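A short write-up of the structure that comes next.
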Amino acid sequence: MQSIVNQIKTAAALALNHLYPEAKVTDEDILVNETKPEFKGDYTVVLFPFVKSLRQNPAVLGKALGDQLLASNPVFTAHETVAGFLNLTLADALLANFLNATYADQSYGTQASNGNKVMIEYSSPNTNKPLHFGHLRNNFLGWSVAQILKTNGSEVIKANLVNDRGIHICKSMIAWMRYGNGATPESTGIKGDHLVGDYYVKFNDVYKEEVAGLVATGKELAQAEKEAPIMLEAQDLLRRWEAGDAEIYQLWETMNGWVYKGFDVTYKRLGLDFDKMYYESNTYLLGKEIVEEGLQQGVLFRKDNGSVWIDLTADGLDEKLLLRADGTSVYMTQDLGTAKLKYKDYGMDSSVYVIGDEQNYHMQVLKLILQKLGEPCADGIYHLSYGMVELPSGRMKSREGTVVDADDMIDEMIRLAKEQTEQANKTEGFTEEELERLYRIIGIGALKFYLLRVEPRKKMIFDPKESIELAGFTATFIQYTHARIKSILRRSEIAYGPMVLGKDELAPLEKSLLLQLEQYPGIIDQAAREFNPSALCNYAFRLAQTYNSFFDKHQVLKAENEEKKQLRLMICALTAITIRNAMALLGIEVPERM
């Protein structure tokens, strides 16, 4: 079914071409907005683009177009021109047709295939520490964007590139070798990713002590940082790992195995999943091959010390290191290899990287290098850059042990959900098992919604208590609205049938709600084009607000007649479906009862 906005565009273009044959207006030339609440009408056609080209006064043009639309199309019942804007009132019958076609459509909003293949890479954790609170916005953005694109018709591959090698991994390994005394998750009772993360923090504590000791002997700080014994040991460990040392490789596999088991538990708690896992340990050698090819092509160059670089100064950037003098790779090396491998595996049209904005330059350089190397994967690369999330206490630093672990944040949100529910005396009629599930749905939903409701590029501060408020811009408010609707539907016994509405039979809030419901597929399309789940957050919240205004003003089960009762129950049914579907695209469940 063509959206109402697109119907208006088509009708307006036809009308303008009928009135002014020389205009040659297309649907794309027509700009349609929702009519501002202080004016009469439902949608507004912006006239200014045509005033100059058609040499018409805005008032004259608006009246001519409005009269033509009413004369040629029964979906319009009234029009009014205000300062260059044509406000159109839609026939109630148009919305009745929409409601009849969609009120029971459980997949409402899902679009047919558009033939586009997209890979979304998100999460990308390091195996030297657990997932922490700072990872959550990344994970929620990646998963949600993937679901939005899939619902909008794209074929989507959800990928996770695990940073499982490098100097940071060796730091945890060295600290465990020095101080672990054979500790395992089983022997300590500590979740595997947390155990390894503890040794990463231990490394940095020892490193600081050793640097301070060297400085005390008279060494310059920069020299001391290079010569600290534990850092030299970590660098040697990396060289031994890349050389294939069997003992080191076995320890690396063991410790990474602990971390993966821990990650899996956290991902499951958050409702996150992936279609494809990539590991940097499998891609960095491919990156080295690409570097060698680049040297042969003359795109890259080798310095006297043996390191390999690319000169991007002509592009307004700088020289970029791609291979160290000792032959070890850097992040860019393995990213080149991974980009090529992903394209070889799937041949996707777009490759979306969900990475924080501190990596904007890195991603710009990655795409530029691949373009200069002539790799076909280059043009499809898109960096979904997002701002950092801070807590009210400030920024977190994992190497200093000041992070908030994702597991701890999950526990805190569930605790807050339980506390809020109990304080509101909303636990009656639930079993203990049902309550535990409800607390999880409310707590995790609050966490996801709060981190997704802000446009991705903006930085934000997360306030756990604010995120779960029942009366705020929160998932909790939307979830409660859904539960409220489901309660009404459970108590209804009416058999739905097609609604037949004449002119002006809808109450204003009934019409407003139907107009908003009809916009849902367009909101999905907007969120997909912008890679922006916050568009859905805003939509779901506004829809819940409108529904609550409608519910507060109008009786549903005790409506003035059976026709109104049926109409309102159908509106309730479609609202519940739309809220559920919209929230599902954010990874948020909506309970049947609250």
Amide H contacts under 5 Å for TYR386, restricted to residues at least 5 apart in sequence or on another chain and with H modeled in the peptide plane, are ILE355, GLY356, ASP357
Of all lysine pairs in region 197-295 that are eight or more residues apart or on different chains, those with Cα atoms under 24 Å apart total 8
Taking 0.36 nm per residue of separation between TYR179 and ASN282 and subtracting their Cα-Cα distance, the length gained on full extension comes to 34.2 nm
For region 510-524, Karplus-derived ³J(HN,Hα) couplings (6.51, -1.76, 1.60; θ = phi - 60°; whole Hz; x for glycine and proline) come out as 5, 5, 4, 5, 5, 4, 5, 4, 5, 7, 4, x, x, 5, 4
Expected sort for 267-278, 554-565 on mean C-beta neighbours within 10 Å, highest first, is 267-278, 554-565
If R0 = 30 Å, then VAL46 and ALA559, at their Cβ-Cβ distance, give a FRET efficiency to the nearest 0.05 of 0.20
Subtracting the Cα-Cα distance of ASN116 and ALA246 from 0.36 nm times their residue separation yields 42.4 nm
Burial-style ranking of 471-481, 321-331, average other-beta-carbon count within 10 Å with highest first, yields 471-481, 321-331
Taking a ≥ b ≥ c as the square roots of the eigenvalues of the Cα gyration tensor, with a/c under 1.5 meaning rounded and otherwise prolate when a/b exceeds b/c and oblate if not, region 52-113 is prolate
In degrees rounded to 10, the 0-90 angle between helix 4-19 Cα long axis and the longest Cα principal axis of the chain is 60
If one compares the long axis through the Cα atoms of helix 192-216 with the longest principal axis of the Cα atoms of the chain, the angle in degrees, nearest 10, works out at 50
Rounded to the nearest 0.05, FRET efficiency between LYS24 and ARG324 (Cβ-Cβ, R0 56 Å) equals 0.35
The helix 360-372 Cα axis meets the longest alpha-carbon principal axis of the chain at an angle in degrees, between 0 and 90 and rounded to 10, of 80
Relative contact order in percent for the chain (Cα pairs under 8 Å, 6+ apart) equals 16
Classified through the alpha carbon gyration tensor (a ≥ b ≥ c as square roots of its eigenvalues; rounded if a/c is under 1.5, else prolate when a/b is larger than b/c, else oblate), region 164-256 comes out oblate
Packing-ranked peptide list from 24-32, 339-347, highest mean Cβ count within 10 angstrom first, is 339-347, 24-32
Stretched fully, the stretch from LYS465 through GLU220 gains (0.36 nm per residue minus C-alpha distance, one decimal, in nm) 83.5 nm
Taking every other residue with Cβ under 13 Å from the Cβ of LEU536 and scoring Lys and Arg +1, Asp and Glu -1, one gets +2
Once the dipole of region 164-256 is set up from charges on Cβ (+1 Lys and Arg, -1 Asp and Glu), the residue from the list TRP252, VAL196, ILE230 lying farthest towards its positive end is ILE230
Ranking VAL82, LEU272, THR127 by how far each Cα lies towards the positive end of the charge dipole of the chain (+1 on Lys and Arg Cβ, -1 on Asp and Glu Cβ), the top one is VAL82
Magnitude of the Cβ-charge dipole (Lys and Arg +1, Asp and Glu -1) of the chain about the Cα centre, nearest 20 debye, reported as 980
Per the C-alpha gyration tensor (a ≥ b ≥ c, the square roots of its eigenvalues), region 406-584 is rounded if a/c is under 1.5, else prolate if a/b beats b/c, else oblate; here it's oblate
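All of the numbers you see were taken from the coordinates with simple rules; none came from a lab. Predicted, not measured: the structure shown is a model, and the values here were computed from it. Methodologically, a virtual Cβ is constructed for each residue, glycine included, from the backbone with ideal geometry; neighbour enumeration extends over all protein chains shown.
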